[in-house]
Amino acid sequence: MSYSEQFSGIRKAGNLAAHVLDFVTPYVISGITTQELNDLCHQETLRHGGESAPLHFQGYPQATCISLNHVVCHGIPSSRKLVDGDILNIDVTVILDGWFGDTSRMFYVGTPPLKARQLVEVTYRALNESLTCVRPGGHLGDIGACIQHIAEGAGYSVVRDFCGHGIGRVFHGDPAVLHFGERGTGVVLQPGMTFTIEPMINAGRPEVKILQDNWTAVTRDRSLSAQFEHTVGVTETGVEVFTLSAAGYTCPPYTANSGLAP
Ligand code: MF3
Ligand code: CO
Ligand code: CO
């Protein structure tokens, strides 16, 4: 059973989603609206022959999710202008040739307070470390346990109400990828499996509340929240990350290479 066609489809979609985040990065500055960032992402997706998966998905009104500060996920782009000190997540999912690629990163506006930057760095580390748990014979619970250990070890909490998901020709499939759990439990990972890992980590308590728009999830205690997301596949030997940045953007701040010496 070959999954090479599946991997090449998701790889192309994942690369495009990551490219869209690379593309929008220099525009993430004070004064721009989240609607403008959304539209830049949407246009760049279309320009490359893709579609924005969130648009009209279960009635969702925009092409991307942009979640600021205490927004955990599914923030709806709006006329809100970015201001210095904001932290935000931009979540891009594209459909290319029928395959889905789903990725999100955090961004800084100016230099946010140290507490905010530390939350973002720990969340990045939690996702990054969890990638080492993706290998044949490993368990899904290894991923959640790794993320929980890092987040709680830093004094933060893991959001329980949202999880990663199988992905491929569908946006959200099996398995559910929990961002907490016990090592050695859950589904055994096998070559060919493809799913997202997308931990949401709160500076305060884990509980979320959904706003009146029926989408925006915020922390109940209004503490800051951070998230990163990759689409990954289990290979014969380990993991392939389909949504790496070609520009080398990992964790903010993202300093564009001007080509000039410092
Ligand atoms: N991209 C999100 C995820 O990581 C899902 C967004 S669904 C939407 O799964 F409808 F809110 F866009
Ligand atoms: Co996802
Ligand atoms: Co996503």
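The values are calculated or read from the model by the stated rules, or taken from the named source; none is laboratory data. All values reported here derive from a predicted model rather than from experimental measurement. With ideal geometry, Cβ positions are generated from the backbone for all residues, glycine too; neighbour counts draw on all protein chains shown. Accessible surface areas use protein heavy atoms only, side chains included; no ligands, DNA or RNA. Shrake-Rupley method; radii C 1.70, N 1.55, O 1.52, S 1.80 Å.
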message = Taking R0 as 22 Å, what FRET efficiency do you get between residue 205 and residue 149 from their Cβ-Cβ distance, rounded to the nearest 0.05?
response = 0.75
remark   = Computed, not fitted: 222 nm per-residue ellipticity of the chain from DSSP H runs ≥ 4 (each -39500 (n - 2.57)), nearest 500, equal to -8500 deg cm²/dmol
query = Which number do you get for Rg(Cα) / (2.2 N^0.38 Å) in the chain?
reply = 0.95
message = Under 25 °C and 0.890 mPa s, how fast does the stretch 1-130 diffuse according to Stokes-Einstein, given a Kirkwood radius computed over C-alpha pairs? Answer in µm²/s, whole number.
response = 160 µm²/s
inquiry  = Quick check: from the Cα gyration tensor, does the stretch 134-262 come out rounded (a/c under 1.5), prolate or oblate?
reply    = oblate
task = Please report, in whole Å, how far the alpha carbons of the stretch 67-125 spread along each principal axis, starting with the longest.
result = 42, 31, 18
ask   = Where the centroid of each part is defined by its Cα atoms, how far is the stretch 95-164 from the stretch 184-223 in Å?
value = 9 Å
query = Measuring from label point to label point, each 7 Å out along Cα→Cβ, what is the residue 32 to residue 244 span in nm?
reply = 2.5 nm
query = Under the classification rounded if a/c is under 1.5, otherwise prolate if a/b is larger than b/c and oblate if not, where does the stretch 167-237 fall, given a ≥ b ≥ c as square roots of the Cα gyration tensor eigenvalues?
reply = prolate
query = Given a cut-off of under 8 Å on Cα pairs at least six residues apart, what relative contact order in percent is computed for the chain?
reply = 22 percent
ask   = From Cα coordinates alone, what are the radius of gyration and Dmax values for the stretch 114-158 in angstrom?
value = 11.2, 39
inquiry  = As an exercise, identify the trypsin sites (Lys or Arg not before Pro) in the stretch 123-177 lying in DSSP coil whose Cβ has no more than 15 other Cβ atoms within 10 Å.
reply    = 160, 169
request  = Run the quick spin-label model on residue 170 and residue 83: label points 7 Å from Cα toward the beta carbon, then report their separation in nm to one decimal.
outcome  = 4.3 nm
task = With a probe of 1.4 Å, find how much accessible area the stretch 29-184 has per residue, and write the answer as a whole number in Å².
result = 41 Å²
note = Cα extents of the stretch 63-170 per principal axis, largest first, Å, are 46, 40, 22
key: Contour minus Cα-Cα distance for residue 190 and residue 132 (0.36 nm per residue)   = 19.4 nm
inquiry  = Tell me whether the stretch 1-56 comes out rounded, prolate or oblate; compute the Cα gyration tensor, take square roots of the eigenvalues as a ≥ b ≥ c, and use a/c under 1.5 as the rounded threshold.
reply    = prolate
note = For the chain, the percent of accessible surface on carbon and sulfur atoms (probe 1.4 angstrom, ligands and nucleic acids excluded) is 52 percent
ask   = How big is the charge dipole of the chain about its Cα centre, in debye rounded to the nearest 20, if each Lys and Arg gets +1 on its Cβ and each Asp and Glu gets -1 on its Cβ?
value = 400 debye
query = Where Lys and Arg each count +1 and Asp and Glu each count -1, what net charge lies around residue 228 among other residues with Cβ under 15 Å from its Cβ?
reply = -4
remark   = In this structure, the FRET efficiency calculated for residue 57 and residue 237 from their beta-carbon separation, with R0 = 35 Å, to the nearest 0.05, is 0.55
request  = Please state, rounded to one decimal and in Å, the Kirkwood hydrodynamic radius that the stretch 136-195 gives when every pair of distinct Cα atoms enters the mean of 1/r.
outcome  = 12.0 Å
